[in-house]
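What follows is a single structure, written as structure tokens, with notes after it.
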2 protein chains.
Amino acid sequence: MAKENKISMEHGAGGQQMQSLIGEIILKNFTNTSAGSVGLDALDDGATIELDRDFLNNNKKAELVMTTDSHVVKPIFFPGGDIGKVAVCGAINDLAVMGARPLAVSSGMIIPEGFSITDLEKVVHSMNDALVEIGVPLITGDTKTVEGTALDSIIINIAAIGICDAPVRDCGLQIGDKMIVSGYIADHGMALLTKREGFEFNSDLESDTAPLWKMIEPLLAVQTQAGERAVTAMKDPTRGGVADSLNEMAQKSNVGIRIYEEKLPIREAVFTSCEMLGLDPLEIANEGKAVIGVRPECAKAVLKLLKSHPYGKDAAIIGEVTEEKPGKVILISELGSTRYVDVPTGDPIPRVC
Amino acid sequence: MAKENKISMEHGAGGQQMQSLIGEIILKNFTNTSAGSVGLDALDDGATIELDRDFLNNNKKAELVMTTDSHVVKPIFFPGGDIGKVAVCGAINDLAVMGARPLAVSSGMIIPEGFSITDLEKVVHSMNDALVEIGVPLITGDTKTVEGTALDSIIINIAAIGICDAPVRDCGLQIGDKMIVSGYIADHGMALLTKREGFEFNSDLESDTAPLWKMIEPLLAVQTQAGERAVTAMKDPTRGGVADSLNEMAQKSNVGIRIYEEKLPIREAVFTSCEMLGLDPLEIANEGKAVIGVRPECAKAVLKLLKSHPYGKDAAIIGEVTEEKPGKVILISELGSTRYVDVPTGDPIPRVC
Ligand SMILES: Nc1ncnc2c1ncn2[C@@H]1O[C@H](COP(=O)(O)OP(=O)(O)OP(=O)(O)O)[C@@H](O)[C@H]1O
Ligand SMILES: Nc1ncnc2c1ncn2[C@@H]1O[C@H](COP(=O)(O)OP(=O)(O)OP(=O)(O)O)[C@@H](O)[C@H]1O
Ligand SMILES: [Mg+2]
Ligand SMILES: [Mg+2]
Ligand SMILES: [Mg+2]
Ligand SMILES: [Mg+2]
Ligand SMILES: [Mg+2]
Ligand SMILES: [Mg+2]
């Protein structure tokens, strides 16, 4: 390895030093690195994904799903996770809310000169842990280095490929659907803010970062009596929080959404600190939650499945889809007053993911 | 759009401002944004790629190929290209040298606060031009912003998905193969260095950045009399240049490679300035070249096909694969002396791509 335990520009130069960094820090630490005849170990220009022919033969409309997210979260280590975990989970969750089984991910790292190789390895371990949990290989990657004066910390991009029979859209809500959120909201953003600002209160608050595929997979099989998929629309409420996801779903589906304040799963600590800081928990980022629209007759079945999975144990029905006010989200307070839940504008917590 | 023609932190916040940035700068400027039932226009959590069933049915061993590269090139605009063009071409070329037809790409942008939106749009136009040239859609993306103090310029990650019957490996060289390079080497790195340092000489030198799929596709159909694919191994000589690619191919294939100085296609201007600056053109990055191993009896046919394409018109056979010195690359000078071509160590031109 490098003489010093620091990243140097040469680690991104495509020559010997980069090869040894990749060999010692990347290859040694990823458990599953192959999805076809050319895996990461080959260190070729790319890697292959074998097409699942059984799946293809059984599903006339099989499609691949692709997604990408870069992560610039600050600080890179926080209670409940780090940039590596959030990068893998972010990609997996975007596939999951599209109804796609993850097949493989890529990892693009941009690292400032001087970055600690020990920290890099910690981040890589977190990526691997999340990938192993859902059995998804990392098959290809890229490492670039820049001067320490040009970038303040590591950036990780993960692109992911999945496969589905028919994608779950965010525009599929139907009037009467129940809206479910898969657990406590705003934990990720508030844990990060607490850590970043060094608040004394909430110091045991943890990010919810988690890979949701295994929680979501069984929901996709639930059908109405007419044989339609029970889940009509799904999103992961990351930046912009639940407020942003609900608005997008309402607008794209051209329906109204009504949610009930008393039904929102919010931890006491999160609620109190949001009040104190003037933040709206609905606008705070989550990294291990799904917002799900479900045909009403299947809502209980879906909720039960969710609750049977550790990541969904605090799931709740928070409202329903209405004909009135298409494109709008309305919050009904515990006292019965109503207000619009708007699309978030500002940036309550920058660099949240 | 934003009141000022500058990126603000809110452009990466996942709310209204980001939506309008994506709508006005991204969606309006990409010609082809769909590869399946959910395209970029849907602005969903990801997008789909329809599986090409005709291809799948005709090719028992069809595999997807995935690749990723982040780009941190400095300056972002240079003669012959910009960061957008190089990002798209980099991904396409990694697929092409794996023998894969590109199906779709993703785009992850990390933008510092204060970055010019006019420049962003120029970059987006270049990305689109390259994608249109090869008929490949951009189907999904991500935009993150960071403080202007945290990052000096835009970073673009492109991940790409392609499909092939059998991938072309970089470990497939066979003894006797001819080694071909598809045109003048070291143009990209030297154009960039010239621009960056403001050299007076070479001021008309241009980067070779180009998407190579259409040049490479016909080569894949060339077969030996025994019905084997004529192309045995392929790489795009980016960071580390031709020297790095040849060494990797020799090592992975466990063969020797002999190349002839007089046969290397190097522009006079590049040669002279490399001499002056003490640089080895073999170690300088290219962004529109391929290094190709070909069965000897097919070398002329492959060369002819290459030369018939604008990006391959200066292609040349530069050497051959030998049994001696497995894992080593030997350069024979014009006067007949020999030297090893080593794996590049340092970083002759940092932030070259
Ligand atoms: N951070 C990383 N994680 C996993 N694999 C990586 C990482 N960085 C590089 N690799 C792997 O190492 C090999 C070499 O990577 P490299 O980026 O040099 O290839 P390339 O894209 O062909 O070249 P260039 O980036 O110069 O265009 C590839 O197989 C790549 O998948
Ligand atoms: N730079 C970009 N180029 C192309 N498409 C983009 C770009 N940035 C975002 N998009 C598209 O805009 C939509 C919204 O992107 P966004 O990143 O908010 O989604 P997300 O990944 O689900 O959320 P998050 O990034 O907070 O996890 C997606 O459909 C995405 O493909
Ligand atoms: Mg390559
Ligand atoms: Mg996402
Ligand atoms: Mg690379
Ligand atoms: Mg999402
Ligand atoms: Mg590359
Ligand atoms: Mg995103």
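The values are calculated or read from the model by the stated rules, or taken from the named source; none is laboratory data. Here the structure is a predicted model, which is why all the values come from computation and not from measurement. Note that we place each Cβ from the backbone using ideal geometry, even for glycine, and neighbour counts take in every protein chain shown.
Annotations
- Residue in region B:248-261 that is among the aliphatic types (A, V, I, L, M) and either assigned to a loop (DSSP other than H, G, I, E, B) or within 16 Å of ligand 4 (Cβ to nearest atom) (or both) present: yes
- Considering B:324, B:320, the condition of being more than 14 Å from chain A (Cβ to nearest Cβ), more than 16 Å from ligand 2 (Cβ to nearest atom) and in a loop (DSSP other than H, G, I, E, B) is satisfied by B:324 alone.
- In the set (1) in contact with an Asp or Glu (Cβ under 6 Å, 6 or more places away or on another chain); (2) closer than 22 Å to residue A:202 by Cα; (3) in the same structural domain as residue A:206 (by TED's automatic domain parsing), the condition left unmet by residue A:321 is number (2).
- Scanning region A:9-32 for residues that are outside any helix (DSSP H, G or I) and not β-branched (Val, Ile, Thr) yields A:13, A:14, A:15, A:30, A:32.
- Residue A:45 falls short on exactly one of the conditions (1) crowded, with 23+ Cβ neighbours inside 10 Å; (2) more than 16 Å from ligand 4 (Cβ to nearest atom); (3) in contact (Cβ under 8 Å) with a residue 12 or more places away in the chain, and that condition is (3).
- From B:151, B:103, B:95, B:138, residue being under 23 Å from residue B:24 (Cβ atoms) and away from ligand 2 (no atom under 15 Å from the Cβ): B:151
- Any hit, region B:85-96, residues being within 16 Å of ligand 7 (Cβ to nearest atom), among the hydrophobic types (A, V, I, L, M, F, W, C), closer than 24 Å to residue A:73 by Cβ and under 17 Å from the mean Cα position of the chain (by Cα): yes
- Qualifying residue in region B:263-272 (condition: assigned to a helix (DSSP H, G or I) and touching a Pro at 6+ places or on another chain (Cβ under 8 Å)): yes
- Being of a type in the set (D, E, K, R), surrounded by 22 or more Cβ atoms within 10 Å (Cβ to Cβ) and not in a strand (DSSP E or B) is a description that does not apply to residue A:196.
- The condition (being within 16 Å of ligand 6 (Cβ to nearest atom), surrounded by 24 or more Cβ atoms within 10 Å (Cβ to Cβ) and within 22 Å of residue B:70 (Cβ to Cβ)) is satisfied by just one residue among A:105, A:168, A:181, A:136: A:105.
- Under the condition of being part of a loop (DSSP other than H, G, I, E, B) and either over 16 Å from residue A:280 (Cβ atoms) or free of Cβ contacts under 8 Å to residues at least 60 places away in the same chain (or both), the residues counted in region A:334-348 number 6.
- Apart from one condition, residue B:14 fits all of (1) surrounded by fewer than 20 Cβ atoms within 10 Å (Cβ to Cβ); (2) on the phi > 0 side of the Ramachandran plot; the exception is (1).
- Identity of the residue in region A:253-271, in contact (Cβ under 8 Å) with a residue 24 or more places away in the chain and out of contact with any strand residue (DSSP E or B) (no Cβ under 8 Å at 6 or more places or on another chain), that ends up nearest to the other protein chains (Cβ to nearest Cβ): A:254
- If you check B:331, B:279 for being among the aliphatic types (A, V, I, L, M), away from ligand 5 (no atom under 16 Å from the Cβ), at pLDDT 95 or above and not in a loop (DSSP other than H, G, I, E, B), only one passes: B:331.
- Residue in region A:178-188 that is more than 30 Å from residue A:251 (Cβ to Cβ) and modelled with pLDDT of 95 or more present: no
- When B:56, B:95, B:51 are checked against the criterion of being in contact with a Phe, Trp or Tyr (Cβ under 8 Å, 6 or more places away or on another chain) and either at pLDDT below 95 or within 16 Å of ligand 5 (Cβ to nearest atom) (or both), B:95 stands alone in meeting it.
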